[in-house]
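Notes for the one structure printed next.
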Amino acid sequence: MKVILYAVHPKIHHIAEQVGWRWYISLNMKVDYQYWFKKMKLPYIVLLHPPLPLGAALTYCKVFNSNHDAYTRMSQNLKQVQLKWIQFMYQHRKKVRLNEKVYKQLYFETIQPYQVLGEIDFQITTSIERKWMHSIQGRGLLQSEFIQVIQSEDYMNDSWWTLAAQYLYITGKVQINSGITVCAQQSLLQQKQEYICNRCGSGQDAMYENKCLYCGQDCIYCEKCITMGKSRYCTPLIQGIKKASLQTALQPSVHSSYKVNDFSHWNLSEPQTEAVRSALTFLRESTQINRIDEPLCYLIWAVTGAGKTEMIFPLIEHEITLGRQVMLATPRKDVVLELQPRLQKAFPHLQVVTLYGGSTQKWEEGDLFIATTHQLIRFWQKFDLVIIDELDAFPYHNNAMLQYAAKKACKKQGRYLFLSATPPSQLIKEIKRDRLPHVKVPVRYHRNPLPVPQRVSFPSLTHLLKSEQSFLGDFNRLRKEKVLIHRIKDTLNRSGICFIFLPKIKYISPIVQFLSSKFKHVNVQGVSSIDKEREQKVQAFRKREIHILITTTILERGVTVPNTDVYIMDADSNLFDEAALVQMAGRAGRSAQYPNGKVYFFSKEKTKHQVEAIKQIKEMNALADKKGYLKNAGEGVN
Amino acid sequence: MKEPALIKNHIQFLRSLFLTNETKCVICSMNLKTYSALRLCKTCTDVIPWINKTICPKCGRFEVCYDCVRRSAVYFVYNRSAVEYNDTMREWLALYKYRGNERMLNLFIEMIDYAYQMLLTKLEIQVNHVGYLTYVPLSEQRLQERGFNQAEQFARGLGRKYKIPVISLLDRTKHTEKQSVGSWSERFSNIQGAFTLNKMVVQRVNKKPPLNIIIIDDVYTTGSTLNECARVITSFLPAKVYGVTWAR
């Protein structure tokens, strides 16, 4: 959209510390007339015609405001100053993407109160303002999203939202930014232009340039976050400034029932309690350190099956009692839906808001938010604590956009809490350098050691499947496959279930065929991401109706069935990294009744990933033993 | 085995020198190994349900057509569509129209070109006999919502390709509900009187016959939109009106 750029002079409006002209943009001049003429009693303002695309206007506005000496000092002659301004705008027209035609039309007009007082025909009551503030603070909303939020409150006409936005902007309740800005690090005089998306942080690669109806010239938009709405150079991104603290509206009963070091009511095991305690220490201390720039991070490194979710509860309780807002971001929608009733039950007096694609609570305000990671993009410096579950999983891992969104959603003085069983290598490095505060939970809730994978030498699947026809291959295979068949028989004899992981989808059906020919009375099934009956099969597997399930890494997380043995074929494939191997190995021995599941790495080569994965599991077991967490200490460790 | 990171980075760098964003598949952003006019990868190209056979000669439908039989008065001569409007195509159009992924425009223009070629073979007329391209207009409200008129963009793209003048012959006077919902008769009565001729543009039109005008639109469902547009045009201009739509 196009906005008006104007300047006011501070000498006139009695603010001592400001020395020059102050520049503002306006979506709706009525508001500005009212503010400057009626409230601040200024004799005039200087207004630039015609309206400029928002991005350009904002860039000029920023430069003029930061450059007091050169462009904002009041000289004797207003006309001269204005000429200087226009010259400056001309010099930098390319940088701000201003059309040549528009430049030629630029002129300044001095507006005095008597000219415009008739136009001020609106009234904003404090109750409306409070309502707006309530729904917008801590959010970063594009124009269309802002309209949705405001309209659901009070709807008058189409331009009503500009009035609201401008009112909040001029009174300092929101920041107006453009969806995309010219990159700030670049010096003004440099010819090269770099753009970044203010919403998702994407750089030059994600930008697409084309003609735009709203600003009437070539405009750019961000392709990365387009699924969440179109962020343009000329679209306002309205960021509601959050009030410093929210220590209000909490019943005293909540305070009194909360005791700092007592969380016995959460039924945590001893290792969990210890981890929670150190995490709480971090949360408490981090608020006392004065920081301005970056939120602090804390990592809970808990092995698979340690009960991470249960450990979050006391942490949320701690934050909530202090009147802070918490965001719990998790990769999948079903996890959000599963957590909602559990959290609501644990904190019945809290407003729990769940956000995901198609959520009905999209614009609601609450104390505790549970959301899929993508939803973080709509927040701006809102939360005191952002918890990111399964840090190393898709889609958060290696996704710069979501990491930027998470950073943005957290207050500058806020904290992140990462939860992971297999932190990415970058974080492990930081742990080794002692830069990242963390706690390890090295044992499962049932306090049995993690099953340590055994490596079994086995030909690669490609070779195995190819050699089916050849004479020599047949002979080799018959000998080799015994290794596998023997172990599967063993598992089934113990009435266990086999969970077989393969690196590629194309191997699934031949292996299914092969195994069902060997085990005629056993239900053998294969599941992949392209399988339409995926849900049903996983359900059947959970009910123990399938005895041998063959799958890819899609089921490496989340699926937990008691008494399973894990078989990883082609464990030397480069599609299985250390984290994936540890996650898959973590499917075994989850339940307290059958804690001694078996894990096998079938591979031709002994690769670094396998060695590291086994090492990581052994280290965790050793640590658990050292701390005395294990049930039968000294006996269970392999 | 995995290639070392250093070499991988070099390969990526070299690729980036030769391959810009344009050589990624516009749908699934996979890197394209070979040149493709549609800028699609093979998997995405294969899912396009091109209309190869037209059963209804009037509207270019790929199956037996009841709408053309049912209609009392038809004002356009022929319509041709490029693809069958199935779920995948619906998804693609939604990505472009509602999500606003404008990088896909080129793909749509290339696809609609196929329908245009089909029309030309049917008509056996030369390219330069097509006088003007025009498009189905959007109401002001919808235009503001969406930021562009997809039919206009298709028409402009096609016009640029074959150097045919594109004119905005029609104005939308009535803000109708989306034509993608509602029954046949609802659509028919909705669209009645929704368009008028733009007087300024009509004056500039060279009215010397044979005057052939092609109306471009994205989706032809029952044809009532196209028919209504054609009715308005033929009632003021001595023209033969054809339709070229992306999907049917």
Going through the stretch A:530-583 one residue at a time, which ones are within 14 Å of chain B (Cβ to nearest Cβ), in a loop (DSSP other than H, G, I, E, B) and among the charged types (D, E, K, R)? A:Asp570, A:Asp572, A:Asp577
Taking first residues from the stretch A:198-210 that are at negative phi and second residues anywhere that are of a type in the set (S, T, N, Q) and part of a loop (DSSP other than H, G, I, E, B), the pairs with Cβ under 8 Å that are 6 or more apart or on different chains are A:Asn198/A:Ser231; A:Arg199/A:Ser231; A:Cys200/A:Ser231
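Table: residues versus (1) among the aromatic types (Phe, Trp, Tyr); (2) crowded, with 21+ Cβ neighbours inside 10 Å.
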| position | (1), (2) |
| --- | --- |
| A:Ala279 | no, yes |
| A:Glu285 | no, no |
| A:Leu299 | no, yes |
| A:Ala302 | no, yes |
| A:Ala306 | no, yes |
| A:Thr309 | no, no |
| A:Phe313 | yes, no |
| A:His318 | no, no |
Near pairs, Cβ below 8 angstrom, 6+ apart or cross-chain, from the stretch B:153-172 (among the acidic types (Asp, Glu)) to any residue that is modelled with pLDDT of 90 or more: B:Asp171/B:Pro137
Please pick out the residue among B:Lys42, B:Lys24 that is within 12 Å of chain A (Cβ to nearest Cβ), farther than 30 Å from A:Lys606 by Cα and at pLDDT 75 or above. B:Lys24
Name, by its number, the condition in (1) farther than 19 Å from A:Lys598 by Cβ; (2) over 34 Å from the mean Cα position of the chain (by Cα); (3) open to solvent by less than 20 Å² (accessible area, probe 1.4 Å) that does not hold for A:Val524. (1)
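Of all residues in the stretch A:290-312 being of a type in the set (D, E, K, R) and part of a loop (DSSP other than H, G, I, E, B), which is modelled with the highest pLDDT?
A:Glu294
For B:Arg142, state whether it is under 24 Å from B:Cys41 (Cα atoms), among the charged types (D, E, K, R), at pLDDT below 90 and in a helix (DSSP H, G or I).
no
Quick one: is A:Lys407 open to solvent by 30 Å² or more (accessible area, probe 1.4 Å), assigned to a helix (DSSP H, G or I) and without any contact (Cβ under 8 Å) to a residue 60 or more places away in the chain?
For A:Lys407, the condition - open to solvent by 30 Å² or more (accessible area, probe 1.4 Å), assigned to a helix (DSSP H, G or I) and without any contact (Cβ under 8 Å) to a residue 60 or more places away in the chain - is not met.
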Give me the helices (runs of 4 or more DSSP H) completely within the stretch B:10-122, filtered to those with at least 2 residues that are in contact (Cβ under 8 Å) with a residue 24 or more places away in the chain and assigned by TED's automatic domain parsing to the domain that holds B:Gly243, ordered by residue number. B:67-70, B:87-97
Of those in the stretch A:211-220 that are on the phi < 0 side of the Ramachandran plot and more than 9 Å from chain B (Cβ to nearest Cβ), the residue most open to solvent (accessible area, probe 1.4 Å) is A:Asp218
Select from the stretch B:120-150 the residues that are away from chain A (no Cβ under 14 Å) and among the aliphatic types (A, V, I, L, M) and list them in ascending order. B:Leu120, B:Leu123, B:Ile125, B:Val127, B:Val130, B:Leu133, B:Val136
Those helices (runs of 4 or more DSSP H) lying entirely in the stretch A:91-199 with at least 1 residues at pLDDT 85 or above, touching a Pro at 6+ places or on another chain (Cβ under 6 Å) and open to solvent by 30 Å² or more (accessible area, probe 1.4 Å): A:100-105, A:143-153
Over the stretch A:438-458, the set of residues open to solvent by 60 Å² or more (accessible area, probe 1.4 Å) and outside any strand (DSSP E or B) is A:Tyr445, A:Arg447
Keeping to the stretch A:510-557, report how many residues are polar (S, T, N, Q) and farther than 23 Å from A:Leu484 by Cα. 3
Among the residues of the stretch A:556-579, is any out of contact with any Leu (no Cβ under 8 Å at 6 or more places or on another chain) and among the aromatic types (Phe, Trp, Tyr)? yes
Read through the list (1) under 27 Å from A:Tyr445 (Cα atoms); (2) open to solvent by 40 Å² or more (accessible area, probe 1.4 Å), then give the number of the only condition that A:Lys532 fails. (1)
Candidate set: the stretch A:221-245, residues that are more than 21 Å from the chain's Cα centre (by Cα) and surrounded by fewer than 23 Cβ atoms within 10 Å (Cβ to Cβ); chosen: the one nearest to the other protein chains (Cβ to nearest Cβ): A:Lys243
Could you please find all residues in the stretch B:127-164 being of a type in the set (Phe, Trp, Tyr) and either open to solvent by 40 Å² or more (accessible area, probe 1.4 Å) or under 12 Å from B:Ile112 (Cβ atoms) (or both)? B:Tyr135, B:Phe154, B:Tyr162
Anything in the stretch A:105-164 that is of a type in the set (S, T, N, Q), in contact (Cβ under 8 Å) with a residue 40 or more places away in the chain and farther than 22 Å from A:Leu42 by Cβ? List them, or say none. A:Gln105, A:Ser135, A:Gln137, A:Gln143, A:Ser144, A:Gln148, A:Ser152, A:Ser159
Residue, farthest from B:Gly147 (Cα to Cα), within the stretch B:98-119, restricted to residues that are within 14 Å of another protein chain (Cβ to nearest Cβ), more than 12 Å from the chain's Cα centre (by Cα) and open to solvent by 20 Å² or more (accessible area, probe 1.4 Å): B:Arg103
Can you tell me which residues in the stretch A:584-625 are of a type in the set (Val, Ile, Thr) and either free of Cβ contacts under 8 Å to residues at least 40 places away in the same chain or not in a helix (DSSP H, G or I) (or both)? A:Val599, A:Thr607, A:Val611
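The values are calculated or read from the model by the stated rules, or taken from the named source; none is laboratory data. No experiment lies behind these values; they were computed from the predicted model shown. Neighbour counts run over all protein chains shown; Cβ positions are idealised from the backbone, glycine included. The accessibility values were calculated without ligands, DNA or RNA, using every heavy atom of the protein model including side chains. Shrake-Rupley method; radii C 1.70, N 1.55, O 1.52, S 1.80 Å.
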